[in-house]
Amino acid sequence: MHRYLPGFNGFHENLYEFNDLSYFDDLQEKLEANGVSFKNMFVKDVILYELFRINNGFKNYAALEKMSRFMAIPPLFSVTNNPCFMPTGADVSHAMKRIPAKAIFDYFQVLVRECVDLGIIVTRILIWDGQFIRSNSNNNKNKKKNAYSDPDAGYSRHNGTKRGVGYDPGILYAYCGDRWLPVYFEMFPGNRSDQEAFKETVNNFLTVSEFEWQMILSDSGPYSFSNMENVRLKGMVPIIRSRKNVKTQPVKELKEGYFFNTEFIPKEWSNDLFLKLYAIRPMIEQGNSFNNTYYNASRMNTRGSEAAIKQRALLYIIILLKALTAYKLGRPDLIMKPSAFEPSKYLNFRLVMPRLAQHGGFQIFKDNWL
């Protein structure tokens, strides 16, 4: 079907059939050994339904429960440890509160490593950016406590626009030619500084990354001489747009409206090459746009920095699972397709497949009366 049926984009179950999620079974053993209770639920099953929820763009835990009322069987019965398990909103909330954010982030990093080993992610060009995530918090502080209802979050303003209370992660994508995929992030409150967030994200990433990276791209938000120098000292070329009002550094306009510090351009590079590389930078914005427009992840349904890390890590897990599954099925065209691996192989299967076959040029057998 993947090879010969045009328009076929895979089944959602493929994400879990072609990838190893036993990590969460091992995690459950460790947590329960330390006295954590999951009320006889499997952590892996809860994670699968959370990924299913995010993939379908449902805003909160209760949406899954409401959807289940229209189904005769749990939608993920073929891939969960407990085929009869269909979580309520309270079930998911209970389990997710007890799973450490670091554990989910670490699984995201496991998938990054697998993508690198298979050549899906090429360790060469990094792109940095942020993306505001609205917290489930009131925008006004509690007058008695002088704090927001989400005390970890911060009030974000960007270029004069008030965005509200939330978080703004520092995100790193790897650019790999015809694809660009997330490799790391650090979570910050919404009122953070681009310059500080960039420095902390890059330093922490290079501390844990086992690979060498050649260059890093960004817009002018994190630009400062110290950040440029920090990147160069770490063996990378900083391709970071400067601000035109910088007067004490050798800043030059290489293209109308585009200013760069020429001290950090390698001497053997032409301006055209440098600008061609900088033109890659918007790819991270395209990647980030799917987060909000397709996965509906612009707002949290909970509060706290731990919850923000979990939400973003799960989102990137979905993206990398799709890339890995597409690779393993020999369908590289699906790596960058957010709508891939959406339908279930069991729900409405008999109705969907004949239509796909006909659309692909196949003829359905008909009675041949003599």
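The values are calculated or read from the model by the stated rules, or taken from the named source; none is laboratory data. Fair warning: this is a prediction, and the values are worked out from it, not measured in the lab. With ideal geometry, Cβ positions are generated from the backbone for all residues, glycine too; neighbour counts draw on all protein chains shown.
Give the residues of the range 127-155 that are outside any loop (DSSP other than H, G, I, E, B) and buried (at least 22 other Cβ atoms within 10 Å of the Cβ), sorted by residue number.
Hits for the range 127-155 are I127, W128, D129, G130, I133.
Meeting the requirement of 2 or more residues that are over 23 Å from I319 (Cα atoms) and in the same structural domain as D150 (by TED's automatic domain parsing), the helices (runs of 4 or more DSSP H) wholly within the range 194-306 are 194-208, 225-233, 271-278.
Every residue, every condition in (1) within 26 Å of M215 (Cβ to Cβ); (2) over 24 Å from the mean Cα position of the chain (by Cα); (3) not assigned by TED's automatic domain parsing to the domain that holds M215, yes or no:
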site	(1), (2), (3)
P74	no, yes, yes
V92	no, no, yes
W128	yes, no, no
S135	no, no, no
D152	no, no, no
G160	no, yes, no
L172	yes, no, no
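Total residues in the range 156-178 satisfying the condition of being surrounded by fewer than 17 Cβ atoms within 10 Å (Cβ to Cβ) and assigned to a loop (DSSP other than H, G, I, E, B): the figure is 4.
Condition check ((1) within 28 Å of I335 (Cβ to Cβ); (2) among the basic types (K, R)) across all residues:
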| site | (1), (2) |
| --- | --- |
| S149 | no, no |
| V165 | no, no |
| G170 | yes, no |
| V183 | yes, no |
| E210 | yes, no |
| W213 | yes, no |
| V246 | no, no |
| K255 | no, yes |
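Reported count of residues in the range 1-46, each being without any contact (Cβ under 8 Å) to a residue 60 or more places away in the chain, among the aliphatic types (A, V, I, L, M), surrounded by 11 or more Cβ atoms within 10 Å (Cβ to Cβ) and not in a loop (DSSP other than H, G, I, E, B), is 2. Residues in the range 2-19 that are over 13 Å from Y327 (Cα atoms) and of a type in the set (F, W, Y) were compared, and the one that is farthest from the chain's Cα centre (by Cα) is Y4. The residue that is farthest from R134 (Cα to Cα), counting only those in the range 250-283 that are touching a residue at least 40 places away in the same chain (Cβ under 8 Å) and touching a Leu at 6+ places or on another chain (Cβ under 8 Å), is L277. Scanning the range 110-126 for residues that are surrounded by fewer than 15 Cβ atoms within 10 Å (Cβ to Cβ), in contact with a helix residue (DSSP H, G or I) (Cβ under 9 Å, 6 or more places away or on another chain) and not hydrophobic (A, V, I, L, M, F, W, C) returns a single hit, G119.
For the range 75-93, state whether one or more residues are polar (S, T, N, Q) and either closer than 30 Å to Y223 by Cβ or assigned to a helix (DSSP H, G or I) (or both). Within the range 75-93 (the criterion being polar (S, T, N, Q) and either closer than 30 Å to Y223 by Cβ or assigned to a helix (DSSP H, G or I) (or both)), the answer is yes, since at least one residue qualifies.
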